[in-house]
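Have a look at the structure below before the remarks.
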Amino acid sequence: MPQDVRFDLPFTTPVSPHLAYARDRHLLWVRERGLVRSRAGFEEYRSWDLAQAAARTYPHASADDLTVLMNWFSLAFLFDDQFDSARPDRADRIAEVARELIATPLRPAGTAPRVVCPITLAWTEVWGHLSSGMSLTWQTRFAASWGRFLVAHCEEVDLAAQDLAGKLDLSAYVGFRRRTVGIHHSIDMGERSRGFEVPAAAMAHPLMERMRDLAADTIGFMNDIHSFERERRRGDGHNLIAVLRQERDCSWEEAIGEAYRMTTGCLDEYVGLEARVPHMCDELGLGDEERARVWMGVEAVRHWINGNYEWALTTGRYAADKDGPVATAELSGRGSVDDLLTM
């Protein structure tokens with residue numbers, strides 16, 4: 001039922017016309033780079049249709065850029081699934097790989113990784129393309145957001161290794177989820193996908209900061225609802241529904257209902273703040289060209305809220321029922337049938 005939960009979003013967003021072109025090239029790249037190694041792994045990955053997610057969240061990217069953005073999605077999602085709860089010692093390897101992924105944007109583009117595995121090699125290649133043409137200011141902002149996300153992922157893995165997943169209280173979980181969902185750097189990449197940068201003064205304004213945080217909360221909570229069946233199958237307690245059920249000692253249905261209310265509350269607040277963007281531009285004394293870049297930044301947030309939502313309703317990643325090697329992997333606590341942390 002959770003994957004079928006619908007939200008009434010007050011805006012629609014486009015889908016890239018390059019979806020089919022980029023998807024074919026992306027799936028070939030994933031196989032060639034060893035990011036899927038088995039037939040079962042490839043079929044499961046293809047069912048996720050991350051290509052659609054990229055085409056919805058970065059609808060204005062060129063055909064070639066969209067392909068690379070799809071490639072980036074693959075390594076981020078596949079790395080997220082590498083933890084095996086039956087092998088808590090694997091948390092150390094995940095932390096080692098995560099440190100390498102964090103360091104890549106801080107080095108000259110194209111620098112060979114010190115920790116070598118399919119994911120680090122793929123990220124070095126992808127970052128070399130995506131950083132091209134962007135200012136050092138943007139690259140530094142992206143690197144900070146990306147780093148916070150990966151550190152939070154390691155914290156999540158550590159909690160699971162210690163059998164503490166799902167045992168945060170609601171307040172702690174909300175702040176933690178804002179970092180693990182990885183939306184801030186994903187919105188940053190919206191600028192790269194369209195070849196612009198939000199003026200630094202606007203990006204640092206409390207209104208824009210709050211809008212980005214609310215977008216992360218909205219998307220994170222939506223994701224928790226739509227992915228709930230998969231995460232419950234894996235025994236993953238890092239989910240808003242599971243946290244609410246434990247904290248409030250209520251039924252699953254009641255927890256889902258409260259998660260829905262929290263999500264719509266964040267969305268309503270976001271929409272209210274979006275209406276204040278023109279006043280922010282007035283306050284900062286921005287000219288017409290700068291205002292246009294601010295609005296494209298707002299559109300990048302919208303693309304992520306609506307694009308991710310539309311993808312989540314149909315992706316095979318969150319399917320309630322699975323069988324074969326994928327189901328076996330998930331029931332053992334893994335999200336992937338393939339090991340991508342070794343060569």
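The values are calculated or read from the model by the stated rules, or taken from the named source; none is laboratory data. Predicted model, so just to flag it, every value in this text is computed and none were measured. Cβ: placed from backbone, ideal geometry, glycine included. Neighbour counts: every protein chain shown. Heads up: the accessible areas ignore ligands, DNA and RNA and are worked out on the full protein's heavy atoms, side chains in. Shrake-Rupley method; radii C 1.70, N 1.55, O 1.52, S 1.80 Å.
Here is how the numbers come out for the structure above:
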read-out: Per residue value of the accessible surface for the chain (all protein chains in place, 1.4 Å probe), Å²; value: 41 Å²
read-out: Relative contact order for the chain, counting Cα pairs under 8 Å that sit 6 or more residues apart, in percent; value: 30 percent
read-out: Distance between the range 265-287 and the range 16-37 - C-alpha centres, whole angstrom; value: 37 Å
read-out: Theoretical gain in end-to-end length, Arg107 to Glu155 [0.36 nm per residue, Cα-Cα removed]; value: 14.9 nm
read-out: Shape of the range 58-212, Cα gyration tensor, a/c cut at 1.5; value: oblate
read-out: With all protein chains modelled, accessible area of Asp8 [1.4 Å, Å²]; value: 140 Å²
read-out: Nitroxide proxy distance, nm - points 7 Å out along Cα→Cβ at Ala144 and Arg99; value: 2.3 nm
read-out: Segment Glu289-Ala20, extension gain: residue separation times 0.36 nm, minus the distance between their alpha carbons; value: 93.5 nm
read-out: Where Ile102, Ile187 fall by accessible area, highest first, once all protein chains stay in place (1.4 Å); value: Ile102, Ile187
read-out: C-alpha center-to-center spacing [the range 137-198, the range 208-228] in angstrom; value: 11 Å
read-out: Full-extension gain in nm, Asp282 to Ala201, via 0.36 nm per residue minus C-alpha separation; value: 28.0 nm
read-out: D (Stokes-Einstein, µm²/s), Kirkwood Cα radius, the chain, 1.306 mPa s at 10 °C; value: 78 µm²/s
read-out: Under the Karplus curve 6.51 cos²θ - 1.76 cosθ + 1.60, θ = phi - 60°, whole-Hz ³J(HN,Hα) for the range 271-285, x wherever Gly or Pro sits; value: 4, x, 6, 4, 5, 8, 4, x, 5, 4, 4, 4, 4, 8, x
read-out: Translational D in µm²/s for the range 100-168 (Stokes-Einstein at 20 °C, 1.002 mPa s, Kirkwood Rh from C-alpha pairs); value: 161 µm²/s
read-out: Rounded percent of accessible protein surface that carbon and sulfur make up, the chain, 1.4 Å probe; value: 51 percent
read-out: Backbone HN-Hα couplings from phi across the range 93-110 [Karplus 6.51/-1.76/1.60, Hz, Gly and Pro as x]; value: 5, 4, 5, 5, 5, 4, 4, 5, 5, 5, 6, 3, x, 8, 9, x, 3, x
